[in-house]
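K.L.:
Below you'll find the structure I mean.
The values are calculated or read from the model by the stated rules, or taken from the named source; none is laboratory data. Just so it is clear, the model here is predicted, and its values are computed rather than measured. With ideal geometry, Cβ positions are generated from the backbone for all residues, glycine too; neighbour counts draw on all protein chains shown.
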């Protein structure tokens, strides 16, 4: 009996090694340009700069989508676009958590980009590992798709229900407590570095603790992203590239949406509907195969409607209190 192919090898069945190398080489070059040239001097990111980078990452993602269309056809291109849109919407929840974390630690605006930069790199690595493992698991155990489907429906239903204001409790964060046990942390004010030397000892700064909190919260969001993207495509290359393009635009999205999140108050309801739809699609795949084009139409239509309703419908609840942090 032939043994199943390892997932790392199976990924190269759909795309050759040079395509993976070219993609990651391009991403590394863009990140190096961002950190080494454009962000050499820490500064508060303006709305204009944030919107500019949002446009850059969106154009790059759509350009890559067009390349997929001419190279591999309409179906892979539609899968990429659907995965990109879903992950981009899931990222809005990350933005809200980022706002709470930075407010809790009182991180100066000029240092927030540095934290998000390294946080995004960690998120890219986590997504790569999760998708690699997820594709391999599904190849071996197809029934896992049904577990993913139930999980997405549960997540969507929970997201649609009214929730209390979120709170940040870094003192309860397991990763922070574990790190503090083995590594000393400076008690000074938040500066622009992750480590300092005091009295001949190397200490972590509060800014590094912020980074740990950002990374661990993104780990939770990654658990939602994995089944969502694998419900759209089983192609590891498309799943990973669509996720990475959405994540790389997350920093700019944070600076663009910070302060205007209330304008998109119905986006979460739209995302809940999308997750329930994707989960249902996974559960009924044996009896009804919903095409990628139909899925893309549903995702795009729900997103457009939720944003439109957010803009047109006035908030009758009045101004909301700042979340307790």
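K.L.:
Just a yes or no: is a residue in segment 121-130 crowded, with 17+ Cβ neighbours inside 10 Å and more than 22 Å from residue 252 (Cβ to Cβ)?
P.N.:
Yes, segment 121-130 contains a residue that is crowded, with 17+ Cβ neighbours inside 10 Å and more than 22 Å from residue 252 (Cβ to Cβ).
K.L.:
Identify the single condition in (1) in a helix (DSSP H, G or I); (2) in contact with a helix residue (DSSP H, G or I) (Cβ under 8 Å, 6 or more places away or on another chain); (3) surrounded by fewer than 23 Cβ atoms within 10 Å (Cβ to Cβ) that residue 285 does not satisfy, given that it satisfies every other one.
P.N.:
It is condition (1) that residue 285 fails.
K.L.:
Among the numbered criteria (1) surrounded by fewer than 16 Cβ atoms within 10 Å (Cβ to Cβ); (2) modelled with pLDDT of 75 or more; (3) farther than 18 Å from residue 250 by Cβ, which single criterion is violated by residue 8?
P.N.:
Every condition holds for residue 8 apart from (2).
K.L.:
Would you mind telling me which numbered condition in (1) farther than 30 Å from residue 273 by Cα; (2) at pLDDT below 85; (3) in contact with a helix residue (DSSP H, G or I) (Cβ under 9 Å, 6 or more places away or on another chain) residue 40 fails?
P.N.:
Going through (1) farther than 30 Å from residue 273 by Cα; (2) at pLDDT below 85; (3) in contact with a helix residue (DSSP H, G or I) (Cβ under 9 Å, 6 or more places away or on another chain) one by one, residue 40 breaks only (3).
K.L.:
Does segment 246-261 contain at least one residue that is over 30 Å from residue 19 (Cβ atoms), touching a helix residue (DSSP H, G or I) at 6+ places or on another chain (Cβ under 8 Å) and either assigned to a strand (DSSP E or B) or without any contact (Cβ under 8 Å) to a residue 12 or more places away in the chain (or both)?
P.N.:
There is no residue in segment 246-261 that is over 30 Å from residue 19 (Cβ atoms), touching a helix residue (DSSP H, G or I) at 6+ places or on another chain (Cβ under 8 Å) and either assigned to a strand (DSSP E or B) or without any contact (Cβ under 8 Å) to a residue 12 or more places away in the chain (or both).
K.L.:
Sticking with this one: Identify, by number, the condition in (1) over 16 Å from residue 210 (Cβ atoms); (2) surrounded by fewer than 19 Cβ atoms within 10 Å (Cβ to Cβ) that residue 106 doesn't meet.
P.N.:
Answer for residue 106: the failing condition is (1).
K.L.:
Sticking with this structure for a sec: Let me spell it out: the conditions are (1) more than 20 Å from residue 229 (Cβ to Cβ); (2) over 15 Å from the mean Cα position of the chain (by Cα), and residue 69 meets all of them except one. Which number is the exception?
P.N.:
It fails just one condition, (1).
K.L.:
Continuing with the same structure: Of the conditions (1) free of Cβ contacts under 8 Å to residues at least 40 places away in the same chain; (2) crowded, with 22+ Cβ neighbours inside 10 Å, residue 304 satisfies every one except a single condition; which number is it?
P.N.:
(2)
K.L.:
On to the next question. Tell me yes or no: at least one residue of segment 19-36 is loosely packed, with under 15 Cβ neighbours inside 10 Å and at pLDDT 90 or above.
P.N.:
No: segment 19-36 contains no residue that is loosely packed, with under 15 Cβ neighbours inside 10 Å and at pLDDT 90 or above.
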